[in-house]
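Just below is one structure, and these are the notes that go with it.
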Amino acid sequence: MSFTVHRNECLTVFVEDLTHDGSGVAKVEGYPLFIPGALPGEEVKIQVGKTLKNYGFARLLNVIKASPDRVKPPCHVFSECGGCQMQHLSYEAQLVQKRKTVRDALDRIGKLPDVPVHPVKGMANPWRYRNKSQIPFGERDGEVVSGFYKSRTHDIVDTDVCLIQSHEADDLMTMLKYELHALGIDAYDEKTHLGMLRHLIVRKGHATGELMVILVTRKKKFTQQDEAIKLIKRFAPDVTSIMQNVNTEKTNVIFGDETILLYGKPVIVDSIGNIDFEISARSFYQVNPVQTEVLYRQALDYAQLTGSETVIDAYCGIGTISLFIAQKAKEVYGVEIVPQAIEDAKRNAELNGITNTYFEAGAAEVVIPKWYKDGKRFDVLVVDPPRKGCDEELLKTILEYKPKRVVYVSCNPATLARDLRILEDGGYRTQEVQPVDMFPHSSHVECCAFLELSK
Ligand code: SAH
């Protein structure tokens, strides 16, 4: 294809579309340009950046004609920070956009134009929703900086406020930043691998208000720990747990292997519906507790349990879905690849006096075929895989043994659509898809799909 777009050239273009990650798309003689910050329906002035064979990127210079859905981003670091992609779009329009993302994936990848995609279930108050913040610390010109990374970099965008995290996380992040040097602690420098404090992690039990503060340090020896505890307690007097995690490695990974209790209890408790969960420093736990309940209720609804069913919860994490649906099922079998998460799941079952769950650590695609070969049979299969979707072997197993209903919880519409196609070709019918907004102002969308074996 020959195209007339050149690097650094300034152009006025009409924005036609929005990518799933929140970039505007304009076409110049058929050549697509991705423009972060531009919205569909807008006329914008841009400067062309990198150009590749089939598409290019451009910088938004100014908006000539704004979309009626454009809003002023409430966060002052929105344009730099990589945390949110959609704050410049009204919340209602974000939900419309996310529904479209799912619709497009089902049409294009799943070839499922007739499957209904319902309007996205959004939040009444889409701010301050996160129950976990992972905040990097660093040094810049002799001062401590903390906040979140710029998109696709490890440059910290320094801020005192994040509107999607808890007030407690704001307070602790800011307080530590300004008091750190006074305590005789310096922040970690990724380039030189020197300095002490790498990350501050704040977790909060939405239903209980319990708070866990984790300081990730480069060294185990932490001579200022008493002062640090005192300071944290000054700003969060009711803190339930203060932990130190030691990460001595030169790595992007946040946590190291060793976690030490500094103050209080090693876990906090939260509940979803009427189930309590103990959450430890490293446990996986959904970050939007309000919408997690919406999502799980949807999964439960699709599972259509009467109390006599045997159910699989594949990719079960710490057993949140399993325990949530166990009250309505005869038995639930959970499988998860991280052994520690399975330990958490078993402990949480015990904590709630739930006796009809069975958990096994291992790959879903290995453990589930084994269960079937051992003669177990299941009425409903719930899957909640990571972004890459279900393993092919697992899909084959489903098609071989054909449970009546499959409830597919997905954080990636593209792999969901791919897997639905495979299940459709093997005899299932996707009845409907319900998207749920777990991550307002980001471009992510979670879905719950309901499949039945065709008669
Ligand atoms: N259902 C849980 C967790 C979903 S996240 C919840 O709602 O909280 C997806 C989970 O799949 C993660 O816990 C991850 O560790 C696990 N996982 C990844 N690959 C897996 C595999 N092949 N088999 C089983 N579990 C896997």
- Does THR251 satisfy being surrounded by fewer than 18 Cβ atoms within 10 Å (Cβ to Cβ) and either touching a residue at least 12 places away in the same chain (Cβ under 8 Å) or under 20 Å from VAL338 (Cβ atoms) (or both)? yes
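Okay, residues lined up against (1) in a loop (DSSP other than H, G, I, E, B); (2) under 30 Å from ARG421 (Cα atoms); (3) assigned by TED's automatic domain parsing to the domain that holds THR153:
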{"residue": "VAL15", "(1), (2), (3)": "no, no, no"}
{"residue": "PRO32", "(1), (2), (3)": "no, yes, no"}
{"residue": "GLY49", "(1), (2), (3)": "no, no, no"}
{"residue": "PHE57", "(1), (2), (3)": "no, no, no"}
{"residue": "CYS75", "(1), (2), (3)": "yes, no, no"}
{"residue": "GLN87", "(1), (2), (3)": "yes, no, no"}
{"residue": "GLU92", "(1), (2), (3)": "no, yes, no"}
{"residue": "LEU112", "(1), (2), (3)": "yes, yes, no"}
- Show the residue pairs that are 6+ apart or on different chains and have beta-carbon atoms under 7 Å apart, the first residue being within the stretch 303-315 and closer than 9 Å to LYS328 by Cα, the second being at pLDDT 95 or above and within 13 Å of the ligand (Cβ to nearest atom). LEU305/ILE325
- For the stretch 140-188, name all the residues that are buried (at least 19 other Cβ atoms within 10 Å of the Cβ) and part of a strand (DSSP E or B). VAL144, SER146, GLY147, PHE148, ILE156, VAL157, ALA187
- Note on the structure: The number of residues in the stretch 423-442 that are in contact with a His (Cβ under 6 Å, 6 or more places away or on another chain) and part of a loop (DSSP other than H, G, I, E, B) is 0
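Conditions (1) assigned by TED's automatic domain parsing to the domain that holds GLU293; (2) at pLDDT 95 or above; (3) polar (S, T, N, Q); (4) surrounded by fewer than 23 Cβ atoms within 10 Å (Cβ to Cβ), marked per residue:
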position	(1), (2), (3), (4)
ILE368	yes, yes, no, no
PHE378	yes, yes, no, yes
PRO385	yes, yes, no, yes
LEU395	yes, yes, no, yes
VAL406	yes, yes, no, no
SER410	yes, yes, yes, no
ALA414	yes, yes, no, yes
LEU420	yes, yes, no, no
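The values are calculated or read from the model by the stated rules, or taken from the named source; none is laboratory data. All values derive from a computational prediction rather than experimental measurement. Cβ atoms come from the backbone with ideal geometry, glycine included; neighbour counts cover every protein chain shown.
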